[in-house]
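As structure tokens, the structure follows; a few thoughts come after it.
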Amino acid sequence: DSILLDAAFDPDSPLQWNESEPVPLFEKLDLDTIITTEQSLIDDRAHSKDNGQSEPPVEPEAGYIEFEDFLKVEMKTGRILSVDDHPDADKLYVITIEDGPESTRTVCAGLKGIYESSDLVGKNVVYVANLKPRKLRGVLSEGMLLAADDGDGGVSILTLDVEMPPGSVVR
């Protein structure tokens, strides 16, 4: 305690009670310098784009999974029996799939506007069979159809080139 008191009343201390001018904590910013610096950065970026030297976009790192994780995904074949409009979603179909002998399941798929419902009926498709069932806008979906997406609006469901019995395992 006495050390603090001694420092407080030390006449050589840098802080004095009688100082009339405040000491600035930071250097004053010069607006002209800031504007000049920002403009040169903008000019440099524009110049590098004009020369075609723009940096390529950074691709996200592939999220690799272990082989054991892939083995957890159970993919099977199925035959689409019926396709109905989802009652509460503009882009979803409610699809009934034959997934084995005398066995069906319901899958909701965002294929409306990509496929006509009549074009899907009868197709032999690949779906994820062990996905936890989930309600999509009030309708229970018991799997997921597999489809390819080109990123520009082109979508194609995975179909089989030969007929396989519904419920066949995809390896």
By the mean-Cβ-within-10 Å protection proxy, highest first, 91-97, 163-169, 151-157 rank as 91-97, 163-169, 151-157
Here the net charge surrounding Ser156, from other residues whose Cβ is less than 10 Å away from its Cβ (Lys, Arg +1; Asp, Glu -1), is -2
If the chain between Glu102 and Val128 were fully stretched, how many nm would it gain, using 0.36 nm times the residue separation less the Cα-Cα distance?
7.5 nm
Can you report the principal axis dimensions of region 67-170 using only the alpha carbons, biggest first, rounded to whole angstrom?
35, 29, 28
Could you go through region 105-114 in sequence order and give the Karplus-derived ³J(HN,Hα) for each residue, using 6.51 cos²θ - 1.76 cosθ + 1.60 with θ = phi - 60°, rounded to whole Hz, and x for Gly and Pro?
8, 9, 10, 8, 9, x, 10, 5, x, 9
With a Förster radius of 30 Å, plug the Cβ-Cβ distance of Leu81 and Asp152 into 1/(1 + (r/R0)^6) and report the FRET value to the nearest 0.05.
0.45
Determine, from the Cβ-Cβ distance of Lys135 and Val170 and an R0 of 25 Å, the FRET efficiency 1/(1 + (r/R0)^6), rounded to the nearest 0.05.
0.45
Work out, step by step, the length gained on full extension between Leu25 and Ala62: first 0.36 nm times the residue separation, then minus their alpha carbon distance; give nm to one decimal.
8.6 nm
Taking a 20 Å limit on the Cα-Cα distance, which of the listed pairs Lys72/Lys135; Lys72/Lys112; Lys72/Lys123; Lys76/Lys123 fall beyond it?
Lys72/Lys135; Lys72/Lys112; Lys72/Lys123
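Taken together, the values in this text are just the output of simple stated rules run on the coordinates, not laboratory data. All figures in this text were calculated on a predicted structure; none of them were measured in a lab. Please note: Cβ atoms are built from the backbone with ideal geometry, for glycine as well, and neighbour counts cover all protein chains shown.
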